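Only one structure is covered here, and it is reproduced in the block below.
The values are calculated or read from the model by the stated rules, or taken from the named source; none is laboratory data. This structure is a prediction, so every number in the text was calculated from the model and none was measured. Here the Cβ positions follow ideal geometry from the backbone for every residue, glycine too, while neighbour counts run over all protein chains shown.
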Amino acid sequence: MTTGKQLIKGNTAIVEAALDAGCRFYAGYPITPQNEIPETMSWRMPEEGGTFIQAESELISINMVFGASAAGARAMTTSSSPGISLMQEGISYMAGCELPAVLVNVMRGGPGLGNIAPSQSDYFQAVKPGHGDFHIITLAPHNISEMYDYTFDAFDLADKYRIPVMILADGLLGQLMENVELDRSRKPALLNAPKPWALTGASGRKGQRIVSLLMQPGALEKHNMDLNEKYNLIKKNETRHELAGMEKSPEYLIAAFGTCARISKGTMNIAADAGIKTGLFRPITLWPFPYEALKEAAKKVKKVFVFEMNLGQMVEDVRLAVGDDSKIEFYGRPGGGVPTAEELFEFIRGKVK
Amino acid sequence: MAEKIVYKKPDSLTDKIFSYCWGCGHSTVHKIIAELIDELGMREKTIAVAPVGCAVFAYDFWNFDTTEAAHGRAPVVATAIKRVHPGHLVFSYQGDGDLASIGMAEIIHTANRGENLTIIFINNTNYGMTGGQMAPTTLIGQKTTTSPAGRNIKQNGYPIKMSEMLAQFESVKYVERVKVTNAASVIKAKKAIKKGFLNQLNGTGFSFIEVLSACPANWRMEPLAAKAHIDGVISKYYPVGLIKDIK
């Protein structure tokens, strides 16, 4: 993959972004629809002088990433929904130990083994992960350029805040090939930033530790409060969203992320042709969720249409942001159902006439 | 009169006093590991992985870099650390609940990949930290808090012999079972762990040292009786000695 204009697959874009960001450790386990990532990593990572390991389970993948991160390396693992469930234990440990890493979830339908079709069924397990009182940053790309850009950015975000960062994609974004213009001249800002906390051998110092076990009375409570301070800083500094179509003073707002946001852009055009003006609010960070920006945008419209490829997960955060349930109209397709732009438009038309 | 130092605490131990129970094998094994790391001059190039179990507190006592690992996952955490720092001495220290039960997949695949690591496996035939429940290593008939009538073969199968099992793998280079019940056996245990460390440093590959270790509190025994129990009963089922050594 080179710089400039090219036809690439979402899963491949993630591999190249990780390598460009200085990721030199990858462990992953096969699961559809993200197999191109470990497959490509198996030869691209050694080309870059890094370590590729085909882990024997997702538990092993995430715990290898834990070890590599503890040792100071930029590390990544990728999976799809059922595999992410298995990783939740490790994600919680990494959050507790404040270890940076990039995790990619190319979502498929669930629950259980579900199917291998694109889905947004894991919004909950991305923004409300694992056991214990913690958060991870979650970025939701909606095209192939963003699969590259967000993955690249995720490594700096992870190091900056010592936190796991998840890219929440889906089977469509993973498998889609798109002609994109890639700027590969960017250099990761924090690649060479010191990691004094990392385990590199106690050279000229006492031994240090990476732990999440805090048994002294009050120690864990303090740790949780310290983590919360960090989370507040992330909310303040890193909350991102896209707001489109507001210049035309729309009466209605669509709120959608990832693939549903992409489809909704088509719906906006169809609606415009039918004389219905809509705007689009697309959260880019699902955690931290852009509550304030959505609250402001929602004030300017009569209704907020929430579209998801699930039966209503992000809509809970939309309701919190908007603060007026009578304004919310939800439409979702679970189990691998991908709505068409026309289908979403018909839903809007049915509610506004 | 000039003082002659005949013994001192290893630099690889912190000043914290061991908090393990009286007669527990962990303190002994922690200390011989620290002595060996001093002797090998590796204090500044060692990264250890502590388990979930009593020895999770190992990092309170060792004065070298140590990380925690989720229950059973220590071998794969160690794998990644070793791949990132191939010149360092990396080892995991795990109990039998951690390694032989919840971490079975991790230890088997790490062994089968032939990672250039040293694994120290503390077998005290029960879950120590949680109060003495049955482990896969619990002896037949052994009473624990979850096998109050004694381990029953029909329900629980036979105690797993991890060392003998792992020795079957082509990539496993060195397996030895030792005990820490008296001075002579502690010296042998130290020799075995040293060999495991040297194997890693000279690139020989995967080494596994099983240490039969007393758990007087959960066995409901006095420390000396617990050590005699290892010598007289436990080591009959888990025989000590060299199991595999391939150059």
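For segment B:34-49: of the residues being facing chain A (nearest Cβ under 9 Å) and of a type in the set (Val, Ile, Thr), which is surrounded by the most Cβ atoms within 10 Å (Cβ to Cβ)? Before you say what the answer is, go through the steps one by one.
Going residue by residue through segment B:34-49, those that are facing chain A (nearest Cβ under 9 Å) are B:42-49.
The next check asks that each one be of a type in the set (Val, Ile, Thr); those that pass are B:46-47, B:49.
On the way: B:Thr46: 26, B:Ile47: 28, B:Val49: 32.
Ranking the qualifying residues of segment B:34-49, first place goes to B:Val49.
Among the numbered criteria (1) over 15 Å from the mean Cα position of the chain (by Cα); (2) in a loop (DSSP other than H, G, I, E, B), which single criterion is violated by B:Ile108?
Going through the list (1) over 15 Å from the mean Cα position of the chain (by Cα); (2) in a loop (DSSP other than H, G, I, E, B), B:Ile108 breaks only (2).
In segment A:36-54, what residues are in a loop (DSSP other than H, G, I, E, B) and more than 18 Å from A:Val102 (Cβ to Cβ)? If you could, list the steps in order and put the result at the bottom.
First, the residues of segment A:36-54 that are in a loop (DSSP other than H, G, I, E, B): A:48-50.
Matches in segment A:36-54: A:Gly49 only.
Quick check: is even one residue across segment A:28-37 over 15 Å from A:Val104 (Cβ atoms) and of a type outside the set (A, V, I, L, M)?
Quick first cut of segment A:28-37, residues over 15 Å from A:Val104 (Cβ atoms) only: none.
No, because not a single residue in segment A:28-37 is over 15 Å from A:Val104 (Cβ atoms) and of a type outside the set (A, V, I, L, M).
Can you go through A:Ala158, A:Ala126 and tell me which one is at pLDDT 95 or above and either within 16 Å of A:Thr259 (Cβ to Cβ) or assigned to a loop (DSSP other than H, G, I, E, B) (or both)?
From the options A:Ala158, A:Ala126, the qualifying one is A:Ala126.
On the basis of being modelled with pLDDT of 95 or more and either within 30 Å of B:Lys247 (Cα to Cα) or in contact with a helix residue (DSSP H, G or I) (Cβ under 8 Å, 6 or more places away or on another chain) (or both), does B:Ala167 make the cut? So that I can check it myself, show each step before the final result.
Numbers: modelled with pLDDT of 95 or more: yes; either within 30 Å of B:Lys247 (Cα to Cα) or in contact with a helix residue (DSSP H, G or I) (Cβ under 8 Å, 6 or more places away or on another chain) (or both): yes.
When the stated conditions are applied, B:Ala167 passes them.
Considering only residues of segment A:38-57 that are more than 10 Å from chain B (Cβ to nearest Cβ) and buried (at least 24 other Cβ atoms within 10 Å of the Cβ), which is farthest from A:Gly110 (Cα to Cα)?
Once the filter is applied, the top-ranked residue is A:Met41.
Among the residues that make up segment B:138-150, is at least one of them of a type in the set (S, T, N, Q), touching a residue at least 24 places away in the same chain (Cβ under 8 Å) and touching a helix residue (DSSP H, G or I) at 6+ places or on another chain (Cβ under 6 Å)?
No, that holds for no residue.
Conditions (1) more than 30 Å from B:Asp38 (Cα to Cα); (2) assigned by TED's automatic domain parsing to the domain that holds A:Phe134, marked per residue:
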{"residue": "A:Met147", "(1), (2)": "yes, yes"}
{"residue": "A:Leu157", "(1), (2)": "yes, yes"}
{"residue": "A:Met166", "(1), (2)": "yes, yes"}
{"residue": "A:Leu182", "(1), (2)": "yes, yes"}
{"residue": "A:Lys206", "(1), (2)": "no, yes"}
{"residue": "A:Ala219", "(1), (2)": "yes, yes"}
{"residue": "A:Asn228", "(1), (2)": "yes, yes"}
{"residue": "A:Tyr231", "(1), (2)": "yes, yes"}
{"residue": "A:Glu247", "(1), (2)": "yes, no"}
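Quick one: which residue in A:Phe124, A:Phe152 is surrounded by fewer than 20 Cβ atoms within 10 Å (Cβ to Cβ) and more than 14 Å from every other protein chain (Cβ to nearest Cβ)? Please lay out each step first, then the result.
Details: A:Phe152 fails: surrounded by fewer than 20 Cβ atoms within 10 Å (Cβ to Cβ).
Just a single option satisfies the conditions, and that option is A:Phe124.
From A:Leu243, A:Leu214, A:Leu157, A:Leu190, which residue is out of contact with any Pro (no Cβ under 7 Å at 6 or more places or on another chain), away from every other protein chain (no Cβ under 14 Å) and farther than 20 Å from A:Arg74 by Cα? Give the steps one after another, and end with the answer.
On the way: A:Leu214 fails: away from every other protein chain (no Cβ under 14 Å); A:Leu157 fails: farther than 20 Å from A:Arg74 by Cα; A:Leu190 fails: farther than 20 Å from A:Arg74 by Cα.
Being out of contact with any Pro (no Cβ under 7 Å at 6 or more places or on another chain), away from every other protein chain (no Cβ under 14 Å) and farther than 20 Å from A:Arg74 by Cα holds for just one of A:Leu243, A:Leu214, A:Leu157, A:Leu190, which is A:Leu243.
Answer yes or no: is there a residue in segment B:156-174 that is under 14 Å from the mean Cα position of the chain (by Cα), touching a residue at least 40 places away in the same chain (Cβ under 8 Å), under 23 Å from B:Thr46 (Cβ atoms) and surrounded by 24 or more Cβ atoms within 10 Å (Cβ to Cβ).
no
Considering segment B:50-89 alone, what residues qualify as being buried (at least 24 other Cβ atoms within 10 Å of the Cβ), in a helix (DSSP H, G or I), among the aliphatic types (A, V, I, L, M) and at the interface with chain A (Cβ under 9 Å from one of its Cβ atoms)?
Within segment B:50-89, B:Ala74, B:Val76, B:Val77, B:Ala78, B:Ala80, B:Ile81, B:Val84 qualify.
When segment B:90-118 is examined, which residues are found to be surrounded by fewer than 23 Cβ atoms within 10 Å (Cβ to Cβ) and β-branched (Val, Ile, Thr)? First the steps, then the outcome.
Looking only at segment B:90-118, we keep the residues that are surrounded by fewer than 23 Cβ atoms within 10 Å (Cβ to Cβ), and these are B:101-102, B:104-105, B:108-109, B:112-114, B:116.
Scanning segment B:90-118 gives B:Ile102, B:Ile108.
Looking only at segment B:158-193, which residues are touching an Asp or Glu at 6+ places or on another chain (Cβ under 7 Å) and in a loop (DSSP other than H, G, I, E, B)?
Of everything in segment B:158-193, just one residue is touching an Asp or Glu at 6+ places or on another chain (Cβ under 7 Å) and in a loop (DSSP other than H, G, I, E, B), namely B:Thr181.
Considering only segment A:60-74, how many residues are within 7 Å of chain B (Cβ to nearest Cβ), touching a residue at least 12 places away in the same chain (Cβ under 8 Å) and in contact with a helix residue (DSSP H, G or I) (Cβ under 6 Å, 6 or more places away or on another chain)?
7
Looking at segment A:138-149, which of its residues are surrounded by fewer than 24 Cβ atoms within 10 Å (Cβ to Cβ) and touching a Pro at 6+ places or on another chain (Cβ under 8 Å)?
A:Asp149
Out of all the residues in segment A:294-308, is one or more farther than 21 Å from A:Glu247 by Cβ, within 17 Å of the chain's Cα centre (by Cα) and of a type in the set (A, V, I, L, M)? Break it down stepwise before answering.
Residues of segment A:294-308 farther than 21 Å from A:Glu247 by Cβ: A:306-308.
Narrowing further to those that are within 17 Å of the chain's Cα centre (by Cα): A:308.
If we keep only those that are of a type in the set (A, V, I, L, M) as well, we get none.
Scanning segment A:294-308 turns up no residue that is farther than 21 Å from A:Glu247 by Cβ, within 17 Å of the chain's Cα centre (by Cα) and of a type in the set (A, V, I, L, M).
Answer with yes or no whether A:Ala95 is modelled with pLDDT of 95 or more and within 14 Å of another protein chain (Cβ to nearest Cβ). Let's see the steps before the verdict.
Values: modelled with pLDDT of 95 or more: yes; within 14 Å of another protein chain (Cβ to nearest Cβ): yes.
For A:Ala95, the condition - modelled with pLDDT of 95 or more and within 14 Å of another protein chain (Cβ to nearest Cβ) - is met.
Of the residues A:Ala70, A:Ala117, which single one is crowded, with 24+ Cβ neighbours inside 10 Å, assigned by TED's automatic domain parsing to the domain that holds A:Met166 and over 14 Å from the mean Cα position of the chain (by Cα)? Give the steps one after another, and end with the answer.
Values: A:Ala117 fails: crowded, with 24+ Cβ neighbours inside 10 Å.
Selected residue: A:Ala70, the only one of A:Ala70, A:Ala117 that is crowded, with 24+ Cβ neighbours inside 10 Å, assigned by TED's automatic domain parsing to the domain that holds A:Met166 and over 14 Å from the mean Cα position of the chain (by Cα).
For segment B:90-116, how many residues meet the condition of being more than 8 Å from chain A (Cβ to nearest Cβ) and touching a Leu at 6+ places or on another chain (Cβ under 8 Å)?
Of the residues in that region, 7 qualify.
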